[in-house]
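Trainee: Below you will find the structure I want to go over with you.
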Amino acid sequence: MGLLNIVTIPNPKLKKPSEDINKDKIKELKPLIKNMLETMYVSDGIGLAAVQIGKNINLAVIGKEATPDNKDMVLINPKIIGHSWRKVVAEEGCLSVPGITQKVPRFAKIKVKALNQEGQLLNFDATDFLARVIQHEIDHLQGTLITDYV
Ligand code: ZN
């Protein structure tokens with residue numbers, strides 16, 4: 001077990017944009033990714049960005065309940081490279097903002113480019129709940145929280 005402490009508001013790290021990860025450093029992230037996934041599941045979260053455990057790097061993990069192949073998803077340096085015009089509003093919670101839910105508009109469909117934990121390029125479409133979770137995590141990497149949608 002390698003549970004990590006989750007950073008909560010008002011820690012200033014949460015408002016700071018994260019930095020891209022050098023492709024050569026990705027292999028070294030495996031133990032951190034494993035611990036982030038463990039921490040996320042134990043905390044009953046569906047996604048966790050590295051900034052939420054105190055590291056301002058462009059890395060996020062997403063739980064298998066949200067993915068089409070029912071596998072954990074690891075996104076390194078993720079970017080939204082296209083999106084639907086339509087947005088959907090739904091309530092979101094966040095492990096870094098305990099006890100609060102907030103209505104947040106998100107694109108219904110997004111096109112995502114990222115690297116996985118093997119350093120391979122991912123290029124895929126995400127819809128509905130997965131699209132929402134990815135947009136929430138990318139928000140974290142840019143220093144945006146659900147409380148910014150009030
Ligand atoms: Zn969050």
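The values are calculated or read from the model by the stated rules, or taken from the named source; none is laboratory data. Quick caveat: nothing in here was measured; it's all calculated off a predicted structure. With ideal geometry, Cβ positions are generated from the backbone for all residues, glycine too; neighbour counts draw on all protein chains shown. The protein model used for the area step is the full one, side chains on, heavy atoms only, and it has no ligands, DNA or RNA in it. Shrake-Rupley method; radii C 1.70, N 1.55, O 1.52, S 1.80 Å.
Trainee: At a probe radius of 1.4 Å, what is the per-residue accessible area of LYS55, in Å² to the nearest 10?
Mentor: Accessible surface of LYS55 is approximately 90 Å².
Trainee: Work out the P(r) tail for the chain: percent of alpha carbon pairs separated by more than 24 Å, whole number.
Mentor: 25 percent
Trainee: Quick check: Cα centre of the stretch 85-112 to Cα centre of the stretch 3-69, how many Å?
Mentor: 18 Å
Trainee: What number, in percent, do you get for the relative contact order of the chain if the mean sequence gap of Cα pairs under 8 Å and at least 6 apart is divided by its residue count?
Mentor: In percent, rounded to a whole number, it is 26.
Trainee: Could you give the spread of the C-alpha atoms of the stretch 1-58 along their three principal axes, from largest to smallest, in whole angstroms?
Mentor: 30, 27, 16
Trainee: Please list ASP139, ASP128 in order of solvent-accessible area, largest first, computed with a 1.4 Å probe with all protein chains present.
Mentor: I get ASP128, ASP139, largest accessible area first.
Trainee: Sorted by accessible area with a 1.4 angstrom probe, largest first, how do VAL88, VAL104 fall?
Mentor: VAL88, VAL104
Trainee: Only sites in a loop by DSSP and with at most 11 other Cβ atoms within 10 Å count here; which trypsin sites (Lys or Arg not before Pro) in the stretch 58-90 make the cut?
Mentor: LYS71, ARG86
Trainee: At 1.4 Å probe size, with no ligands or nucleic acids counted, give the accessible surface of ILE6 in Å², nearest ten.
Mentor: About 50 Å², ignoring ligands and nucleic acids.
Trainee: In addition: Taking loop as defined by DSSP and a crowding limit of 12 other beta carbons within 10 Å, which chymotrypsin sites (Phe, Trp or Tyr not before Pro) in the stretch 63-150 fit?
Mentor: TRP85
Trainee: Now for a separate question. State, to one decimal in nm, how far the label point of TRP85 lies from the label point of VAL97, with both points 7 Å from Cα in the Cβ direction.
Mentor: The two pseudo-label positions are separated by 2.8 nm.
Trainee: Rank VAL150, VAL133 by accessible area, highest first, at a 1.4 Å probe radius?
Mentor: In descending accessible area the options line up as VAL150, VAL133.
Trainee: Write down the radius of gyration of the stretch 43-112 and its Dmax, each obtained from C-alpha positions, in Å.
Mentor: 13.1, 33
Trainee: Can you tell me, using C-alpha contacts under 8 Å and at least 6 residues apart, the relative contact order of the stretch 22-101 as a whole percent?
Mentor: Reported relative contact order: 19 percent.
Trainee: Using the reciprocal of the averaged 1/r over all distinct C-alpha pairs, how large is the Kirkwood radius of the stretch 102-150 in Å?
Mentor: Hydrodynamic radius (Kirkwood, Cα pairs) of the stretch 102-150 is 11.8 Å.
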